[in-house]
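Working notes, structure below.
Read-outs: derived from the displayed coordinates by stated rules, not from any lab. Note that the structure is predicted; figures quoted are calculated from it, not measured. No Cβ is skipped: glycine too gets one built from the backbone with ideal geometry, and neighbour counts run over all protein chains shown.
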Amino acid sequence: MTISRTKFPRTDYLAWRTMPTRWSDNDVYGHVNNVVYYEWFDTAVNSLLVDAGVLDLAQSQAIGLVVETGCAYFASVAYPETVEAGIRVSRLGNSSVRYEVGIFKPGESYAAAAGHFVHVYVDRDSRRPVPLSAPLRALLEPLVVPPTTSEPGVTLEQDRAVVDRIMVGRRSVRAFLPKAVSQATVHEILGAASRAPSGVNTQPWQVRVLAGEPLQKFCDRLCDVVDDPEQSAQHQYEYAYYPHEWASPYLDRRRQIGWALYGLLGIQRGDQERMHAQNRRNFRFFDAPVGLIFTIDRVLQQGSWLDYGMFLQNAMLAARARGLDTCPQAAFAQFHRVITEALDIPERQMLVCGMALGYADPAAIENSLQTPREAVDQFAFFQGF
Ligand SMILES: Cc1cc2nc3c(=O)[nH]c(=O)nc-3n(C[C@H](O)[C@H](O)[C@H](O)COP(=O)(O)O)c2cc1C
């Protein structure tokens, strides 16, 4: 398959190294031989790590071994030119990293060659895989690009099919299996989500991630309040998520979804006890193994809440891409005082919402809820086509 050079623009690379060519790099055809490019990839990435202090070639206990590599060549380079190596990371795993390196002639917009290699980090002595160190992860996270944008060999049609399938496949899930989600997976999801755009790159998100005992303790503390009508009545939303006065068509949509959920669960109109019990499940994150609590700095304004929504959606889609499901939950916002105290959240942070994250229980009837959407022509008004 022919890969177009235009899939590798300079703007897609995030860290840079400049490299001289040497007399001996040229082969009998008068240009840099293909094997030299692989030396450039190694040199570029390792010098980035060494300069940042996250790799000591002689001392580091964890070392990166190359387990896969490849390169596409678009234009020749010859001694005595200088080349620029652009670096980005297309996958940051638990103990592996997929680096992509573009070789550019100075000033050129598209790569002369685009390569990649996968490092698996192993213990220097045992050669067993080890998790990426925190400093290495911190260095590489800002270099991560979404893997589908310019993956060699991936067509736009394939990208579109995947993105649409994941977007359309996302649903709010309200029953989860008791199957753990690793910290590395949540880390990865949040890292991908943080590629969300935000006005002047403000990145307004902060998140508390709970699992295991801290999660259970948190839910117990909250449910003590939720279960006591007197106490519960003293807690109000700090911001208005819903309108003060419901009007059509929003009221109709709200009713439709409410009754559809209760209908599936066999909850009759007026059955306050079962409605409360279902609502209460919010505060146990619907038994998900991971609970997320999102906050925003109070100095930020409405625009940052727009950005926040994009971040939340990104997180939900990144979860889907890993076989996980979510339920965004504004319900937590009512109990912001209990929550900020329980999680020691500073006063300057305001609670936005929570989110349940885990593996959906396919047998749970509430997870079969399908929510309708208006047709595009009902909300989009086209002109000039
Ligand atoms: C910010 C936000 C807050 C939400 N809060 C809750 C909540 O507290 N409890 C709940 O069960 N669902 C909550 N939902 C889920 C909505 O009910 C759901 O997105 C909507 O009905 C559309 O269904 P779908 O997500 O399955 O497509 C929330 C959704 C969003 C976007």
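Quick look at the numbers
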{"item": "Coordinate range along principal axes, alpha carbons of the stretch 196-264, Å, largest first", "result": "43, 40, 29"}
{"item": "Per-peptide average of other Cβ atoms within 10 Å, ordering 94-100, 278-284, 131-137 highest first", "result": "94-100, 278-284, 131-137"}
{"item": "Inter-probe distance in nm under a simple model that places probes 7 Å from Cα toward Cβ, at D42 and A330", "result": "5.7 nm"}
{"item": "Cα convex hull volume per residue for the chain (Å³)", "result": "204 Å³"}
{"item": "By average C-beta atoms within 10 angstrom, highest first, the peptides 39-49, 207-217", "result": "39-49, 207-217"}
{"item": "Other-chain or far-sequence residues with amide H under 5 Å of V83's (modelled H)", "result": "M19, T21"}
{"item": "Mean Cβ count within 10 Å, highest first, over the residues of peptides 306-319, 72-85", "result": "306-319, 72-85"}
{"item": "Values of log10 I(q)/I(0), in the order q = 0.12, 0.29 Å⁻¹, for the stretch 41-106 under a Debye, Cα-only, solvent-free model", "result": "-0.38, -1.47"}
{"item": "Cα-based equivalent ellipsoid of the stretch 140-266: semi-axis lengths in Å, sorted from largest, via gyration tensor", "result": "34, 23, 19"}
